[in-house]
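What follows is a single structure, written as structure tokens, with notes after it.
The values are calculated or read from the model by the stated rules, or taken from the named source; none is laboratory data. Keep in mind that this is a model prediction, so the values were computed, not measured. Using ideal geometry, Cβ is built from the backbone for each residue, glycine included, and neighbour counts are taken over all protein chains shown.
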Amino acid sequence: MANHLPATLPNGPAAEMLREEFNRWAQAGKGEEMEGSHLPIVLPALELMNLRPDDRVLDLGCGSGWLVRRLAGITPKGSVTGVDVSDEMIRRAQAASANVPNAQFLRGTAEKLPAPANAFTKVISVESAYYWHDPARGLREILRVLAPGGSVWVLINYYRDNPDCHQWEAHYKTPAHLLSAAEWQDLFANAGFRNVQARRIPDLSPTPEVYTGRWFRDAAQMKRFKAEGALLVLGAKP
């Protein structure tokens with residue numbers, strides 16, 4: 001795989017707002033924290049993806065690169081590219097992945113991916129899609145960079161069909177799209193994907209008896225949210 005390469009980030013207030021917010025997240029160490037909180041929904045999704053050793057994978061919204069490194073171990077004859085809007089996340093991902101030869105990291109957005117057409121056999125995005133400024137355009141970009149027969153797998157915890165996540169909006173500092181599974185499926189189909197499916201991935205990790213964070217009212221709400229599960233939307237390029 002080529003060395004870590006810079007990429008031009010599209011200009012615009014939406015991209016800049018996201019970059020600044022996720023730079024703050026990176027500086028606070030939240031990129032590294034995401035591995036533990038997201039693994040319970042990511043591991044079942046990876047099993048469904050049926051990854052091959054020679055797959056060329058894009059992780060869109062890669063953060064600090066924890067999933068890229070995991071994917072790189074699964075695809076030793078292939079390659080994994082992480083793309084993120086945050087230059088600080090990319091810097092940390094590069095530093096942590098210096099000894100992973102089949103991984104690279106690039107700055108970019110869903111709406112303007114820094115990759116040629118047909119570059120990847122699989123695309124995964126974890127907890128990123130609802131931040132995209134223009135989800136329809138982002139999905140068209142994913143279709144462009146996917147090779148024919150390739151597939152996209154989008155995991156979303158913030159979606160309309162799970163009422164126990166709706167309160168998150170009050171904590172977001174950047175706009176986020178609260179869409180239903182049906183709306184996401186329509187976006188996939190309208191972008192040109194085929195065999196579009198939506199399914200739930202329950203979070204089976206233990207729930208604390210007492211919850212003191214800001215995302216849920218109490219442990220009971222957190223437990224309901226996890227049982228409802230993350231939304232996984234997938235589709236294939238013809």
Task: Every residue from region 113-128 that is farther than 15 Å from V68 by Cα and either of a type in the set (D, E, K, R) or in contact with a Leu (Cβ under 8 Å, 6 or more places away or on another chain) (or both) - done: L113, P114, A115, N118, A119
Task: Residue, nearest to R19 (Cα to Cα), within region 167-190, restricted to residues that are surrounded by fewer than 13 Cβ atoms within 10 Å (Cβ to Cβ) and small (G, A, S) - done: A170
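Here is a yes/no grid of residues against (1) in contact (Cβ under 8 Å) with a residue 60 or more places away in the chain; (2) aromatic (F, W, Y); (3) out of contact with any Asp or Glu (no Cβ under 8 Å at 6 or more places or on another chain):
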position: L155; (1), (2), (3): yes, no, no
position: N162; (1), (2), (3): yes, no, no
position: C165; (1), (2), (3): yes, no, yes
position: A176; (1), (2), (3): no, no, no
position: A191; (1), (2), (3): no, no, yes
position: G213; (1), (2), (3): no, no, yes
position: V233; (1), (2), (3): yes, no, yes
Task: Qualifying positions in region 200-211 - free of Cβ contacts under 8 Å to residues at least 24 places away in the same chain and either of a type in the set (A, V, I, L, M) or touching a strand residue (DSSP E or B) at 6+ places or on another chain (Cβ under 9 Å) (or both) - done: V210
Open item on the list: Name the single residue that is farthest from P135 (Cα to Cα) among those in region 52-86 being in a helix (DSSP H, G or I) and either of a type outside the set (A, V, I, L, M, F, W, C) or touching a Phe, Trp or Tyr at 6+ places or on another chain (Cβ under 8 Å) (or both).
Closed with: G73
Open item on the list: Among the residues that make up region 67-88, is at least one of them within 17 Å of P238 (Cα to Cα), among the polar types (S, T, N, Q), out of contact with any helix residue (DSSP H, G or I) (no Cβ under 9 Å at 6 or more places or on another chain) and surrounded by fewer than 23 Cβ atoms within 10 Å (Cβ to Cβ)?
Closed with: no
- [ ] Look at A7 and say whether it is over 15 Å from the mean Cα position of the chain (by Cα), aliphatic (A, V, I, L, M), modelled with pLDDT under 95 and part of a loop (DSSP other than H, G, I, E, B).
- [x] yes
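Would you please name the residue that is surrounded by the most Cβ atoms within 10 Å (Cβ to Cβ), looking only at residues in region 212-221 that are of a type outside the set (D, E, K, R) and either in contact with a Lys or Arg (Cβ under 6 Å, 6 or more places away or on another chain) or at pLDDT 95 or above (or both)?
In this case the residue turns out to be F216.
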Task: Whichever residue in region 191-206 is surrounded by fewer than 16 Cβ atoms within 10 Å (Cβ to Cβ) and not basic (K, R) and, among such residues, is nearest to L48 (Cα to Cα) - done: Q197
TODO: Of the conditions (1) within 13 Å of A129 (Cβ to Cβ); (2) assigned to a strand (DSSP E or B), Q197 clears all except one; give me its number.
DONE: (1)
Open item on the list: Can you tell me which residue is surrounded by the fewest Cβ atoms within 10 Å (Cβ to Cβ) among those in region 145-166 that are more than 21 Å from E47 (Cβ to Cβ) and among the aromatic types (F, W, Y)?
Closed with: Y158
